[in-house]
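Participant: What follows is a structure written as structure tokens; I'll ask about it next.
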Amino acid sequence: MTRRQRIISLLEGRDYSPSELAVALGLRGRGSRRLVIEELKAIQKVLKREGKVLRIKPAECKRCGFVFRPEINLPSRCPKCKSEWIEEPRFKIEPR
Ligand SMILES: [Zn+2]
């Protein structure tokens, strides 16, 4: 199984944050979450053709509760209160 196929198989089971996916795949280091984000963007395109959808629970500021847009991204700072204490978005694959 390729890394991309492993991510798809994990996300069909339950939802994951980018950090949790990096751990599940055995990825380490600074760039690991970014790598997961790039894979998720590619996966979203593939899913459209398969009649499935990548559900996104948006990132949220843990300080003021600001909810980000549901995007495949890792926001680093809250636009409202400038806090960097951000809950990561979560992703799951579901039938459309
Ligand atoms: Zn905030």
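Participant: With contacts defined as alpha carbon pairs under 8 Å and 6 or more residues apart, what's the relative contact order of the chain in percent?
Facilitator: Once divided by the residue count of the chain, the mean separation gives 33 percent.
Participant: Simple spin-label model, 7 Å along Cα-to-Cβ: residue 82 to residue 9 in nm?
Facilitator: About 4.7 nm separates the two model spin labels.
Participant: Please grab the % of Cα pairs in the chain that end up more than 19 Å from each other.
Facilitator: Counting pairs separated by more than 19 Å, the tail of P(r) holds 40 percent.
Participant: Which peptide among 8-14, 81-87, 36-42 comes first, and what is the full order, when sorted by highest mean count of other Cβ atoms within 10 Å?
Facilitator: Averaged packing, sorted descending, gives the order 36-42, 8-14, 81-87.
Participant: Among the listed pairs 48/82; 57/80; 48/80; 45/80, which have their C-alpha atoms separated by more than 26 angstrom in this model?
Facilitator: 48/82; 48/80; 45/80
Participant: Just from its helices, what would the mean residue ellipticity at 222 nm be for the chain, if runs of 4 or more DSSP H residues each count -39500 (n - 2.57) and the sum is divided by every residue, rounded to the nearest 500 deg cm²/dmol?
Facilitator: After summing the helix terms and dividing by residue count, I get -11000 deg cm²/dmol.
Participant: Binning every alpha carbon pair distance of the stretch 4-48 at 5 Å from zero, what are the percents per bin?
Facilitator: Percent of pairs per bin, in order: 5, 23, 37, 24, 9, 2, 0.
Participant: Here's something else I'd like to know. Can you put 57, 45 in order of Cβ neighbours within 10 angstrom, beginning with the fewest?
Facilitator: Final ranking by Cβ density, sparse to dense: 45, 57.
Participant: Can you pull out the GluC sites (Glu not before Pro) in the stretch 47-83 whose DSSP state is coil and whose Cβ has at most 14 other Cβ atoms within 10 Å?
Facilitator: Hits after loop and neighbour filter: 71.
Read the figures in this text as sums done on the coordinates, not as results from a lab. The structure presented is a predicted model; accordingly, all values stated were derived computationally and were not measured. Here the Cβ is made from the backbone with ideal geometry for all residues, glycine too, and neighbour counts use every protein chain on show.
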